[in-house]
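Below is one structure, written out as structure tokens; the observations come after it.
The values are calculated or read from the model by the stated rules, or taken from the named source; none is laboratory data. Computed from a predicted model, the values in this text were never measured in an experiment. Every residue, glycine among them, receives a Cβ derived from its backbone with ideal geometry; neighbour counts consider all protein chains shown. Surface accessibility is based on the protein's heavy atoms, side chains included, excluding ligands, DNA and RNA. Shrake-Rupley method; radii C 1.70, N 1.55, O 1.52, S 1.80 Å.
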Amino acid sequence: MNPKWWKEQVVYQVYPRSFFDADGDGIGDLKGILLKLDYLKLLGIDTIWISPHFDSPNDDNGYDIRDYKKVMKEFGTMKDFDSLLEACHEKSMRLIIDLVVNHTSDEHAWFIESRSSKDNAYRDFYIWKEEVNGNLPNNWTSFFGGSAWEKTTETGAYYLHYFSKKQPDLNWENDKVRESVYDLMRYWLDKGVDGFRMDVITFISKDQGFLNLSNEELKAPEKRYAKGPKLATYLKEMNRKVLAEYDIVSVGEAFGIDKETMMRVSDEREQELDLVFLFDIIRIGRDDWLQNDWALPQLKKLFKNQSKTDRFHWPTVFLNNHDNPRSVSNFGNAKEYREKSAKLLALLTLSQRGTPFLYQGEEIGMTNFHFSSIDQFDDLQVKGTLLKVLKNNISKETYLTHLNYTSRDHSRTLMQWKNQPQGGFSENKNTWFLVNPNFSDINVEDNLKNSDSVFNFYKTLISFRKKSKDLVYADYEDLDPDHPQIFCYQRVGRKQTYLVILNFSDTQVNYKIPVFNPKNHLIISNNKNKISCIKSNYIDLEPWDALMIKF
Ligand code: TEU
């Protein structure tokens, strides 16, 4: 195992729009992040990843970039960015930014040029096709609803957009596009940023045949979109020309990727990307916007697959992000056992082999919002998909029921800082989005005061991870893959073995510890009454009990 700083750190994702509003316009900003750095430092965070902070018309909350070298005006100025970066470095923290280069905004200067005429110098910056016998160029679909092709009046041709029609896909076949991307990457790296999270990077290479998708493929187009034939070529070139020149981390959002490609992209000998985000755990039981039931053995299998790679791969571990529901609502019990299950998930995340990525609010156990109507959603995907839903004769009510589990907006409600109006997020009551009314019970201020809080549980676990290389690098072994309620695994390190036991259920279980060692030492548990030493190999586990033993 090749040790690296980014294998040993805990990363915290900030969605700036919802994090903290310092200037009182109702929208979070860069100054807001700066003001909360000490809070993150206290938690033990070493690296912060911020979702896009670039100039954008915000059709998709900044994932549609108009100017890569400018800061989104709602978030502040370039000076604010520089101050944030400097402050992070002063506090020995690192800052990674979002690189969104599969597509730009349709308001980006390149696209304005490109659409204007067929002989414009920027025409080939994007993917243009003519209609075929009066029909769309092919049947590819957009993730935000409808066709992936949009016609323009200027030339009558169609451009490709995997996401909204305000997010035209760049044409990576064009050398000038790739050089322009490398140029903007160097711009931010030369400022001193510590890495990139690369948005849908697996989609950059397009199959130049532009063949129709089969009916089966239309159910999950990401699988085809992630199979572009030149993905390896482009990533290796990007690595050679840019990434390799700096001591940074690259983490690719690997939506739709197959196992074989994943094994190549994140193999350190291949020199493509350092890390990837896979979606099988976070989207367990998911089928687009539908949430189906899942069973614990399925989840365990996914963790096992993820951890059991060879020494040339290093996984990421995360249970929520800005595109997915809150982990405690998704995997835990956000009602009677909210705190306990939030702590159980903390232990799960922070005792795995891989780099943990926490998402804002997770550290205080924030929950999903209860949406009572479709109009309450902000996310463009909700409205875009509604048309498809209605066309398939599915009722709005059914759609809403599932969105209350699956919507991206659950993670975008405002960060809950205090039991104060707007949850202490902003002085301004006209905030850009909703705050969960449970901020009176779930907020940072109360978490900090209470030594037994979810926050303090995370903090303790993060400090364990920092003190023990074994907790970071040791092998992972699932000791009981088939048990329907208990998740029990060990990490066998050079000096220490860690045993983790998690009761993933609302019921009590009398459990036989598979590897009982009388010299054990209980190092953390979310149940205050647990005795400090486990005397026998049978243990009574109450609902959502979680504990870690060391020997
Ligand atoms: O997400 C792409 C992606 O993988 C999906 O999770 C996406 O959220 C959608 O649900 C697919 O059905 C990335 C960003 O994380 C997301 O916020 C952006 O909207 C998207 O790319 C486009 O840039």
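Scan region 394-405 and give yes if some residue there is hydroxyl-bearing (Ser, Thr, Tyr), open to solvent by 40 Å² or more (accessible area, probe 1.4 Å) and under 18 Å from the mean Cα position of the chain (by Cα), otherwise no. Yes; the residues of region 394-405 include at least one that is hydroxyl-bearing (Ser, Thr, Tyr), open to solvent by 40 Å² or more (accessible area, probe 1.4 Å) and under 18 Å from the mean Cα position of the chain (by Cα). In region 355-367 there is no residue matching the filter, namely being among the aliphatic types (A, V, I, L, M), open to solvent by less than 30 Å² (accessible area, probe 1.4 Å) and without any contact (Cβ under 8 Å) to a residue 40 or more places away in the chain. For ASN324, the criteria (1) open to solvent by 20 Å² or more (accessible area, probe 1.4 Å); (2) touching a helix residue (DSSP H, G or I) at 6+ places or on another chain (Cβ under 9 Å) hold in every case but one, which is (1). Total residues in region 7-29 satisfying the condition of being within 12 Å of VAL472 (Cα to Cα), open to solvent by 20 Å² or more (accessible area, probe 1.4 Å) and of a type outside the set (S, T, N, Q): the figure is 1. Against the test of being within 16 Å of TRP172 (Cβ to Cβ), hydrophobic (A, V, I, L, M, F, W, C) and more than 15 Å from the ligand (Cβ to nearest atom), the options LEU235, LEU189, LEU211 yield a single qualifying residue, LEU235. So is GLY252 closer than 29 Å to LYS206 by Cβ, touching a strand residue (DSSP E or B) at 6+ places or on another chain (Cβ under 9 Å) and within 15 Å of the ligand (Cβ to nearest atom) or not? Taking the combined requirement at face value, the residue satisfies it. Being under 16 Å from GLU90 (Cβ atoms) and out of contact with any Lys or Arg (no Cβ under 9 Å at 6 or more places or on another chain) is a condition met by at least one residue of region 42-53. Tally up the residues in region 302-315 that are in contact with a Pro (Cβ under 8 Å, 6 or more places away or on another chain) and either open to solvent by 10 Å² or more (accessible area, probe 1.4 Å) or at pLDDT 95 or above (or both), please. Here the count works out to 3. Scanning region 284-298 for residues that are touching a Ser or Thr at 6+ places or on another chain (Cβ under 9 Å) and open to solvent by 60 Å² or more (accessible area, probe 1.4 Å) yields a single hit, ASP288.
Looking across region 1-37, just one residue is at pLDDT below 95 and either farther than 24 Å from PHE277 by Cβ or in contact with a Phe, Trp or Tyr (Cβ under 6 Å, 6 or more places away or on another chain) (or both), and that is MET1. Of all residue pairs spaced 6 or more apart or on separate chains, those with beta-carbon atoms under 8 Å, a first member in region 225-248 that is in contact (Cβ under 8 Å) with a residue 24 or more places away in the chain and surrounded by 14 or more Cβ atoms within 10 Å (Cβ to Cβ) and a second member that is assigned to a helix (DSSP H, G or I) and among the basic types (Lys, Arg) are ALA232/ARG264; TYR234/ARG178; GLU237/ARG178; MET238/ARG178; VAL242/ARG186.
Note on region 162-186: residues that are more than 16 Å from the ligand (Cβ to nearest atom), open to solvent by 20 Å² or more (accessible area, probe 1.4 Å) and in contact (Cβ under 8 Å) with a residue 40 or more places away in the chain amount to 7.
Counting only helices (runs of 4 or more DSSP H) that sit completely within region 1-93, those holding 3 or more residues that are on the phi < 0 side of the Ramachandran plot and within 16 Å of the ligand (Cβ to nearest atom) correspond to 16-19. Checking each residue in region 100-126 for being within 16 Å of the ligand (Cβ to nearest atom) and in contact with a Lys or Arg (Cβ under 7 Å, 6 or more places away or on another chain) picks out SER105, ASP106, GLU107, HIS108. If you go through region 280-293 one residue at a time, do you hit one that is more than 21 Å from SER411 (Cα to Cα) and not charged (D, E, K, R)? No, region 280-293 contains no residue that is more than 21 Å from SER411 (Cα to Cα) and not charged (D, E, K, R). The set of residues in region 418-434 that are of a type in the set (A, V, I, L, M, F, W, C) and surrounded by fewer than 21 Cβ atoms within 10 Å (Cβ to Cβ) comprises TRP432, PHE433, LEU434.
In region 192-203, which residue that is away from the ligand (no atom under 12 Å from the Cβ) and open to solvent by less than 10 Å² (accessible area, probe 1.4 Å) is nearest to LYS227 (Cα to Cα)? Ranking the candidates gives PHE196 first. One residue is enough: does region 440-452 have a residue meeting the conditions part of a loop (DSSP other than H, G, I, E, B), of a type in the set (Ser, Thr, Tyr) and within 30 Å of ALA22 (Cβ to Cβ)? Yes: one or more hits.
What do you reckon, is GLU154 farther than 18 Å from PHE255 by Cα, open to solvent by 20 Å² or more (accessible area, probe 1.4 Å) and without any contact (Cβ under 8 Å) to a residue 40 or more places away in the chain? Considered against the rule, which asks whether it is farther than 18 Å from PHE255 by Cα, open to solvent by 20 Å² or more (accessible area, probe 1.4 Å) and without any contact (Cβ under 8 Å) to a residue 40 or more places away in the chain, GLU154 comes out as yes. ALA226: small (Gly, Ala, Ser) and within 16 Å of the ligand (Cβ to nearest atom), yes or no? The answer is yes for ALA226. Being among the aromatic types (Phe, Trp, Tyr) and farther than 27 Å from LYS236 by Cβ is a property that does not hold for PHE203.
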